[in-house]
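A short worksheet on the structure shown next.
The values are calculated or read from the model by the stated rules, or taken from the named source; none is laboratory data. These numbers were taken from a predicted model, which means no experiment stands behind them. For neighbour counting, all protein chains shown are included, and Cβ atoms are generated from backbone atoms with ideal geometry for every residue, glycine included.
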Amino acid sequence: MFITVTRSYDEMSQRAALLVAAHVIVKPDTVLGLPTGSTPLGMYRELVRMRRETNLGFSRVATFNLDEYVGLPPDDPQSYDFFMRTNFTDHVNLRRDRVFIPDGRARDLAAECRRYEKLIERRGPIDLFVLGIGQNGHIGFNEPSHALQAETHVETLSARTRRANARFFGSVSKVPRRAITMGMGTIMKAREIILLAGSKEKAEAIKRAVKGPVTPAVPASVLQLHPACRMFIDSSAASGLG
Ligand code: GLP
């Protein structure tokens with residue numbers, strides 16, 4: 001695991017965007033794995049700016065999102081589908097048929113998980129995966145537990161995750177109870193991974209992910225086993241590393 005501590009959230013976002021841009025320039029048909037949440041917002045803003053000002057081209061790029069809430073329609077402002085369109089995919093020249101997000105409204109969720117996993121297998125491998133991290137060390141929606149599921153699956157969200165995400169929904173009771181998420185095995189197949197963290201609320205999770213044992217109790221700790229995983233974290237998120 002390589003760790004770069006940045007001076008600020010903005011520097012973290014710029015570095016992440018530059019790395020994504022470098023991949024896209026070197027390999028125009030790059031396959032990206034992408035996250036949602038407040039953390040990557042600055043990176044998406046920067047990529048949209050680069051598209052506008054430098055004509056960075058995404059026409060051959062494919063993107064796979066990590067996860068989606070179960071039950072939210074794509075036009076619900078809290079769905080990750082909506083998040084991606086408003087913050088990124090509608091503002092760059094990505095082709096709509098190369099943007100992939102699990103369908104949280106599928107009738108048969110198990111079949112949807114299998115379909116998504118197959119799609120990644122067929123179009124992959126993912127060249128660069130950008131990740132955030134939950135306060136409890138979750139990745140995507142792979143929650144701490146006694147055993148991790150390798151492939152895309154339905155996850156029941158922990159009380160802590162639902163509390164942390166309540167700020168987007170207005171109240172905890174409105175946060176969906178389940179989500180579809182890629183598994184840690186799916187994520188670990190990416191050629192290169194970067195994880196972003198830019199606030200002090202993430203310091204404990206970062207410390208456990210980097211310094212603790214590799215354990216399903218801290219899903220992010222599994223990234224220690226990836227040969228090309230880098231963290232871009234600001235000094236507040238790095239404060240537990242000593
Ligand atoms: C959600 C997402 C994760 C994300 C996490 C942290 O639970 N499923 O992919 O990493 O939130 O989000 P934030 O960046 O808003 O703290």
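Quick look at the numbers
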quantity: Test: residue in the stretch 69-88 that is within 16 Å of the ligand (Cβ to nearest atom), crowded, with 21+ Cβ neighbours inside 10 Å, within 24 Å of residue 206 (Cβ to Cβ) and under 14 Å from the mean Cα position of the chain (by Cα); calculated: yes
quantity: Close pairs (6 angstrom Cβ cut-off, 6 or more residues apart or separate chains): within 18 Å of residue 237 (Cα to Cα) in the stretch 136-164, of a type in the set (A, V, I, L, M) and part of a helix (DSSP H, G or I) anywhere; calculated: 137/205; 137/209; 137/220; 139/220
quantity: Output for the stretch 124-136, where each listed residue is under 13 Å from the mean Cα position of the chain (by Cα), more than 9 Å from the ligand (Cβ to nearest atom) and under 22 Å from residue 200 (Cβ atoms); calculated: 130
quantity: Listing of strands (runs of 3 or more DSSP E) fully contained in the stretch 141-242 that carry 2 or more residues being of a type in the set (A, V, I, L, M, F, W, C), under 30 Å from residue 118 (Cβ atoms) and touching a Gly at 6+ places or on another chain (Cβ under 8 Å); calculated: 178-181, 192-197
quantity: Residues (assigned to a loop (DSSP other than H, G, I, E, B), in contact (Cβ under 8 Å) with a residue 24 or more places away in the chain, more than 21 Å from residue 195 (Cβ to Cβ) and not hydroxyl-bearing (Ser, Thr, Tyr)) located in the stretch 28-65; calculated: 28, 29, 56, 57, 58, 60
quantity: Residues of the stretch 1-21 classified as assigned to a strand (DSSP E or B) and surrounded by fewer than 17 Cβ atoms within 10 Å (Cβ to Cβ), total; calculated: 4
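Matching residues to (1) over 15 Å from the mean Cα position of the chain (by Cα); (2) modelled with pLDDT of 95 or more:
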{"position": "148", "(1), (2)": "yes, yes"}
{"position": "158", "(1), (2)": "yes, no"}
{"position": "185", "(1), (2)": "no, yes"}
{"position": "198", "(1), (2)": "no, yes"}
